[in-house]
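The next block holds one structure in the form of C-alpha cells; read it before the comments.
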Amino acid sequence: MDTLPVIVGVDGSPDSERAVRWAAGAARARSAPLWVVHVWPHGGGERERAAGDAVLAALKDRPYLADLPDVELRGLDGMADAQLPALGDEGQLLVLGSRGRGGFASLLLGSNGLACAARSACPVVVVPRPDRAGTRRGPDGEAVAPPERQVTLGVDAGADEPAGVGFAFAEAARRGARLTVVSGYTWPMLLPPAFEYAAVYESTQEEYEEALGLRLADVLAPHRDRYPGVEVAVRLRGEDAAGQLVAASEESDLVVVARHRRRLPVGPRLGSVAHAVLLHAVCPVAVVPATAEEDAGGAAGAAGGSGIAPAA
C-alpha cells in the first residue's frame, strides 16, 4: 500500500460528500489510505473531538467507504484555508468540493478550494457541483461519467511547465482512459511594449503552430514511452486554452492543469487558465504543482531576464 494517503476535506455539505466519494475511488485505485478531515474553526483539541465530531460521524458508515482497508477520520483545529493546504505536505492527493457551507451560495468556487489549489504541495482535485451547465446528470440529479473514458490535459506548448503531464498520463493509465492533450496559443502574438517596433518574428501562423507542435511532442515523448498503452490525442489550436479545456470537460472524467510556476520568490499562485477551469469545468479538475526543482528554475529564469526570443 502506498504510504502517502489521499486526503479529503469535509464540512458536512453535499459538496464535501461528493468529494469524499471521489476521494474514496481515488484511494481504492491507488491502494492508498484515505484521510477524511474536518477542520474546526474553534479550539478544543484534536483528541476530544475525534469521537464527538458530528460531521465525521455522519460519514462513518457510508457504503462507499466500507471496502477501503484504511480509513482515518480526523478533526483538526484552526482555519480551513490554512490547515487544508498544509495537509498537502502529508498526502499524495488532496480532494475538496467546489463549495462548502460558508460564504455566498452563488460563488462557483470557495475560498478553501482556491487556497488549496494555489498552495498545496501535492496535486489538488476539486469536484464541482452537478448544476453547472453541460454536466451529464443521472436520475438522481448527480453528475455521471461520460460514455467514453477520457482524461484531458492542458499544456502550454510555448512554456516549459511539465508538472501536470506525468500526473495526467498516470491517471489515464489507471482509468484505462484516452488522454486528450489540449494546447492553445494566441495569434498574432501580443508583444510587450519594448518590442513594439521590432520584427520579433517573421514566421507565418502555420510555421509557428508547427514549431509549437514539435515542442509539445518533445514534452510528451518520455511519458508516451513510459505509458505505451495510453491512447493520446493532441489538440493544438489558435484558441483560448481555458475555453477549450472547459468545453472538453463535458466529455472528460478529469481535467488536469499545472499550477502556475513560481517565477518570483513570492510564493506559489494560481495561473489564469487553472483559475478559469476551476470555476467553469463540469468534471473534477486536478491542479498539479511544479516540483521544487522546477520552481527553482522558474525563479532563476525570472531573475536572469525575460527569456523572450524571436521565433525561428
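In the stretch 56-86, the qualifying residues are those that are among the charged types (D, E, K, R) and not in a strand (DSSP E or B), and the one that is modelled with the lowest pLDDT is D81. Pairs linking a residue in the stretch 127-150 that is at positive phi and in contact (Cβ under 8 Å) with a residue 12 or more places away in the chain to a residue that is in a loop (DSSP other than H, G, I, E, B) and among the hydrophobic types (A, V, I, L, M, F, W, C), with Cβ atoms under 6 Å and 6 or more positions apart or on different chains, are G134/V282.
Apart from one condition, P310 fits all of (1) part of a loop (DSSP other than H, G, I, E, B); (2) modelled with pLDDT of 95 or more; the exception is (2).
Considering V144, V124, which residue is surrounded by 16 or more Cβ atoms within 10 Å (Cβ to Cβ), aliphatic (A, V, I, L, M) and touching a strand residue (DSSP E or B) at 6+ places or on another chain (Cβ under 7 Å)?
Exactly one residue qualifies, and that residue is V124.
Would a scan of the stretch 45-55 turn up a residue that is at pLDDT 95 or above and either more than 25 Å from the chain's Cα centre (by Cα) or among the hydrophobic types (A, V, I, L, M, F, W, C) (or both)?
Taking every residue of the stretch 45-55 in turn, none turns out to be at pLDDT 95 or above and either more than 25 Å from the chain's Cα centre (by Cα) or among the hydrophobic types (A, V, I, L, M, F, W, C) (or both).
The values are calculated or read from the model by the stated rules, or taken from the named source; none is laboratory data. None of the values given here were measured: they were computed from a predicted structure. Neighbour counts are summed over all protein chains in view; Cβ atoms, including those assigned to glycine, are modelled from backbone coordinates with ideal geometry.
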